[in-house]
Each structure stands twice: as C-alpha cells, then as structure tokens.
Amino acid sequence: MLERYTAPPAKTSWRQLLRREFFPTDRRRDIDGLRGLAVLMVVLFHAGWLRGGFVGVDIFVVISGYFMGRSALMQHPFKPVNFVCRRLYRLLPALLCMIALVSAGMLWWVLPSDRADIALNGAYALVYLSNIWASGHVGYFEGQSIAYPFLHTWSLSLEMQFYAIIFLMALFLPFVRHRKWAISAICLLSFVFSMLSHLHGDTQGYYNIFDRMWQFSLGTMIWILPPLRLSRGAAALVFVAAYAMLIGAALFYRLDFACPSYMSLFPCLAVVALIMLPQTGLARIGLVPLSPVGVISYSIYLWHWPGIVVANYLMAFQVHGWTMAAVLGVVMVVSLLSYLFVERVGLEYEKTARQGARVRGAGVLVGACTVLALALFSISAVSSVH
C-alpha cells in the first residue's frame, strides 16, 4: 500500500508575517489609520510639539463608541461572557505590566510626597477610577501633571466606565422598544451636560464620563444612521474636509477648546464622517499608511507618558528637542515589545482558549490588578505618613 504523502507547510516569509500582523485583512485599515493618527497627535502634544494634539483623545473616544456599538448593541444574541473577556484581555495585561514595571523602577527613589501620589494614582488606574483621582488632584494641562506617570490612564478609566454602561445597555436592550431613540437621547443629554460644564467653566469636566458620553454615543450612533451613498467625487470632498478638520484642530486648537467645549464637537463629527465613508482612494493615501501605528496604538499610549515623566525626573532639565526625540524613540521600541509580547499574547489566548479557561484567566488578571492596587494603596499610605 502506498503511503499518503503530506506536503510540508509552506514557509512564511518575514514580509508575510509583518503584513499579516500590521496590515491585517480582517479589519478596516482606514480605522486603524485613524487610531494611528490619534495616538501620534497625543504623543506629539505631550512632547510639546503639537498645540491641539489633545483632540487625539476625542478621536479615540468616537472610535471606541463605534466598535462597542458593534460588539454589544449589534450582536444578536448578546453574549455577556465573550464581551467581558474580550475587554479584559484587551486592556488588562498591558496596563498591569506597565504600572508594575514603572512602579518597581520609579517609586523607590522619588521623594515620599511624590511616591504617595504616584502610587495612589497607579492604584486608581488599576481599578479604572483614574479619572476620578485626577479630577480631584491635578489639572491635565497644568505644569504639575509632569510629576505623575500614570495620569494619562484617566482616558482608559473613562473607556472602561463606558464599557460598563454599554454592557448594561446591551443586557436591557431586548426590553427597549426604541433603541435608536434611547441612544440618541443619551447623546443629547450628555452633550447638554457638557455644554453646561463649559458655561460654568468646569475644566475638570475633561475627566468626567458624563461630559464625554456624547462622544462615545456619536460613535455608537453610526450603526443606526443610514449609510452614506455618495459618488466618488462627493466622497473625496467629504474625506478631504473631515481630514482637514482633524489636522487643523491638532495644529490650531487652544487648550480651552478641549472638552467640555462646543469646539470639541467638530473633530468628533469629522471622525464620524470618516468612519461612515467607504474606503476611498484618499483613505488609502491619508490613513492606511498609519495603520501599523494604529495596530500598536494602545501600547504606545500606555508607555509614552511614563517615558516622558521618567525622563524629566532623571534629567536636570526639562526634556525637549533632540532629547525628547530620543525618549520617544525608546518609547516606540518599548511599545512594540509590549504589543508583541504582552498585548498580542493576551488577545491570542482569548481567541483560542476554551470558555472555561478564558473565564479563569480573566479572573486571574482581575485578581492580579487587585493585588497590585492594594500594594500601591499601602505604599501611598505609608509614604503619606512619612
């Protein structure tokens, strides 16, 4: 009897591996490019090189609302365990790694007063209440913000709080007859709340989920809006106008235009327009080249601010110019390693593991975050006493 011959698997070249990893075909590359644009704006803003780069956070928030609308509100039936596990494996491993390493490398040599605040901020970040801590301690655009390596996690706390809200909405959605009106009402009420904060000069509303909920809701509403049916020329004009809006906001917006402010509405609407457009030729030119940055944008966001803060602590002068460029270069390398060996590993496990193992693993992640948060709370309490 002839033995059956099985051909060996074809070898995958390094180019194919890179293309599969950073130019995936199972996701919209233009939205990855939007993520890349957003994180570059935030990084350049924190480096002091881009006046209005804070609008990158607005871009992230709208994109998050868009994807959560699909993951929760558009899934029939909604699977709560899958939704929760996906979010935890997406966010917790890299956050836990960043806070553990920065705390271990930094807390032992800073002054006790700084140690108390930094440890407390890290503890709040691990339980996704960093925005609440920040609103009572420091203005985001004030000079003292450079002392806190975990201050940027306020936006991650906002995002997790939004996940909790949309999780509850998805659970109760079968009992809501007019979901379109419900989502629209949440968007409108939050926008009115944000405008009231703006009129009263409440700058700490920058951290508030109620002042930001309309931005998340705008992204979610994309799923209930009628699709754009435009000619190629009209789509190109809309793309150019929306893209120019984002670039113009990043270049020229002042700090007082940050949310809560009616001026934050315009970049958010520009993001909605870009997401609703088909993947035009202009998108392939203006956004797709940034998609590899968008793929690792979460790790870049996590590591760029601690890198800048630690560099300012170590140097005898405020970091800027070529020194800042070198710091950001190191940050990009660390972010890539974080994506490949922490973030991506968690996501792959979530995809391939059986449900029981996924749930147990999620429990381990939550437990590890809780233990580290308690340790940081203790360090903060002891440092405050001394």
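The values are calculated or read from the model by the stated rules, or taken from the named source; none is laboratory data. Quick caveat, the model's predicted, so the values are computed rather than measured. FYI the Cβ positions are ideal-geometry reconstructions off the backbone, even for glycines, and counts take in every protein chain you see.
Answer with yes or no whether Val319 is outside any helix (DSSP H, G or I) and free of Cβ contacts under 8 Å to residues at least 12 places away in the same chain. For Val319, the condition - outside any helix (DSSP H, G or I) and free of Cβ contacts under 8 Å to residues at least 12 places away in the same chain - is met.
Determine whether the range 202-222 contains at least one residue that is under 17 Å from Val57 (Cα atoms), of a type in the set (Val, Ile, Thr) and crowded, with 21+ Cβ neighbours inside 10 Å.
Yes, that holds for at least one residue.
Here the condition is being out of contact with any Asp or Glu (no Cβ under 7 Å at 6 or more places or on another chain) and without any contact (Cβ under 8 Å) to a residue 40 or more places away in the chain; of Asp26, Asp30, it holds for Asp26 alone.
Of all residues in the range 15-49, those that are within 19 Å of the chain's Cα centre (by Cα) and assigned to a helix (DSSP H, G or I) total 19. With the structure loaded, tell me whether Ser145 is touching a helix residue (DSSP H, G or I) at 6+ places or on another chain (Cβ under 7 Å), buried (at least 19 other Cβ atoms within 10 Å of the Cβ), within 15 Å of Pro306 (Cα to Cα) and not aromatic (Phe, Trp, Tyr) or whether it fails that test. Criteria not met by Ser145. Of all positions in the range 59-68, none carries a residue that is crowded, with 16+ Cβ neighbours inside 10 Å, in contact (Cβ under 8 Å) with a residue 12 or more places away in the chain and more than 15 Å from the chain's Cα centre (by Cα). Suppose we filter Gly52, Gly56 for residues that are in a loop (DSSP other than H, G, I, E, B) and closer than 17 Å to Trp305 by Cα; which single one remains? Only one candidate passes the filter, namely Gly52. Test of understanding: among Leu91, Leu156, Leu96, Leu129, which residue is among the aliphatic types (A, V, I, L, M) and out of contact with any Leu (no Cβ under 8 Å at 6 or more places or on another chain)? Answer to the check: Leu129.
Per this entry, Ala249 is counted among residues that are crowded, with 18+ Cβ neighbours inside 10 Å and under 18 Å from Phe60 (Cβ atoms). In this entry, Met324 is excluded by the filter for residues that are hydrophobic (A, V, I, L, M, F, W, C) and surrounded by fewer than 18 Cβ atoms within 10 Å (Cβ to Cβ).
Set side by side, the residues Ala244, Ala283, Ala270, Ala258 differ, and just one is buried (at least 19 other Cβ atoms within 10 Å of the Cβ), at pLDDT 95 or above and of a type in the set (A, V, I, L, M), which is Ala270. For the range 351-374, a tally of residues being in a helix (DSSP H, G or I), farther than 15 Å from Leu95 by Cβ and either touching a Lys or Arg at 6+ places or on another chain (Cβ under 7 Å) or not hydroxyl-bearing (Ser, Thr, Tyr) (or both) returns 10.
How many residues are among the β-branched types (Val, Ile, Thr) and buried (at least 22 other Cβ atoms within 10 Å of the Cβ) if we restrict to the range 150-173? Please lay out each step first, then the result.
Narrowing the range 150-173 to residues among the β-branched types (Val, Ile, Thr): 153, 165-166.
Retained after the next criterion (residues that are buried (at least 22 other Cβ atoms within 10 Å of the Cβ)): 153, 166.
Residues that pass the stated criteria total 2.
A single member of Ala368, Ala311, Ala357 is more than 22 Å from Val110 (Cα to Cα) and either free of Cβ contacts under 8 Å to residues at least 12 places away in the same chain or crowded, with 17+ Cβ neighbours inside 10 Å (or both), and it is Ala357. Here Val331 meets the list (1) exposed (fewer than 15 other Cβ atoms within 10 Å of the Cβ); (2) within 25 Å of Ile146 (Cα to Cα); (3) in contact (Cβ under 8 Å) with a residue 24 or more places away in the chain almost entirely, failing just condition (1).
Of the candidates Val102, Val84, the single residue that is within 26 Å of Asp58 (Cα to Cα), part of a helix (DSSP H, G or I) and of a type outside the set (Lys, Arg) is Val84.
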